[in-house]
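Peer 1: Quick one: the structure is below, and I'll ask about it shortly.
The values are calculated or read from the model by the stated rules, or taken from the named source; none is laboratory data. Note that this is a predicted model, so its numbers are computed, not measured. Every residue, glycine as well, gets a Cβ built from its backbone with ideal geometry; the counts of neighbours run over all protein chains shown. Note: areas computed on protein heavy atoms with side chains; ligands, DNA, RNA excluded. Shrake-Rupley method; radii C 1.70, N 1.55, O 1.52, S 1.80 Å.
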Amino acid sequence: MSNSNLLVRIDSSARGTASNSRHLTDYLTQQLLAREEELQLVSHDVGENPFPQVTAEQLTAIHGSFDSEDPDILIQQALSDELVEEVLNTRYLVIGAPMYNFGIPANLKTWIDHICRARKTFRYTENGPEGLSGIEEAFVVVASGGAPVGSAVDFVSSYLRQVLGFIGVRKVHIVDAGGSGADADGVRAKAKAQIDELVGSLAEA
Ligand SMILES: Cc1cc2nc3c(=O)[nH]c(=O)nc-3n(C[C@H](O)[C@H](O)[C@H](O)COP(=O)(O)O)c2cc1C
């Protein structure tokens, strides 16, 4: 087990307390905290309080980790440094990811753009890309209205699996909270059963 002790929770739904994904990230977080007392919780609700959007110039500076004197770039890089530091000290990552137009919410993408940093959370080697985050497990709660989670039109799960693997997350677990358009209570109950099983299997590890 790593020495990192942060449990980082990212919510990104625009639906406030009606959100299935937020309800389930809350449940999941409580389960993990009950299991490991030394965990320290850090929460970012980017649905309620988004990080500032980055300009094209700021984005390339952050992504390439290159030095700049531009004050606006320095402000964005300082925020990125802070978020990267969190990621490097994270044991468990919990993400609430509603499906918006088949993909992830823009505010969640902004967080990802801040944490994907060359030579900090990933690097390129002779053998290809190498992730540097060292995060043990990520739990991604994918909520949708009608599109089935895991289907060919679910670009939320496939994208988050890819990008989290890229920064070196060892295991990515998808919690299926799809189909809320039909039966929100049923979706939550089924997803909670998945969470219980996932957290239970961690305890056996
Ligand atoms: C802007 C927007 C776009 C959406 N796009 C999709 C979509 O492409 N496919 C889908 O199945 N549901 C879509 N939905 C429905 C949400 O995924 C669904 O309400 C889900 O429960 C949202 O997560 P939440 O409950 O955590 O807020 C969309 C909802 C909104 C508000």
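Peer 1: Hydropathy at least -1.0 by Kyte-Doolittle, axial extent at least 27 angstrom from the Cα trace: which helices of the chain, defined as entire DSSP H runs, fit?
Peer 2: 184-204
Peer 1: Using modelled amide H (1.01 Å from N, peptide plane; none on Pro or chain starts), what sits under 5 Å from the amide H of Leu41, excluding residues fewer than 5 places away?
Peer 2: Leu7
Peer 1: Given points 7 Å out from each Cα along the Cα-Cβ axis, report the Asn5 to Ala118 separation in nanometres with one decimal.
Peer 2: Those two pseudo-labels are separated by 3.6 nm.
Peer 1: Still on this structure, I have one more. Sum -39500 (n - 2.57) across every DSSP H segment of at least 4 residues in the chain, then divide by the residue count to get the 222 nm mean residue ellipticity, nearest 500.
Peer 2: Calculated from helices alone, the mean residue ellipticity at 222 nm is -13500 deg cm²/dmol.
Peer 1: Right, something else. Nothing charged except the Cβ atoms of Lys and Arg (+1) and of Asp and Glu (-1): what's the magnitude of the dipole of the chain about its Cα centre? Round to the nearest 20 debye.
Peer 2: Working: 16 positive and 28 negative charges, 113 e Å.
Using only the charged Cβ atoms, the result is roughly 540 debye.
Peer 1: Check the chain and count each lysine pair with an alpha-carbon distance under 21 angstrom, considering only pairs eight or more places apart or from different chains.
Peer 2: Lysine pairs meeting the criterion: 4.
Peer 1: With a 1.4 Å probe and all protein chains left in place, how much accessible area per residue does the chain have, in Å²? Write out the running numbers ahead of the final one.
Peer 2: Numbers: 9920 Å² over 205 residues.
Accessible area per residue: 48 Å².
Peer 1: Please give the peptides 51-61, 8-18 ranked by average Cβ packing (other Cβ atoms within 10 Å per residue), highest first, as a rough proxy for protection.
Peer 2: On the way: 51-61: 15.1, 8-18: 18.5.
Final packing ranking: 8-18, 51-61.
Peer 1: Using Cα centres only, tell me the gap between the range 1-68 and the range 138-205 in whole Å.
Peer 2: Their Cα centres are 16 Å away from one another.
Peer 1: While we're on this one: Mind giving me the FRET efficiency for Ala34 and Asp185? R0 is 30 Å, r the Cβ-Cβ distance, nearest 0.05 is fine.
Peer 2: 0.80
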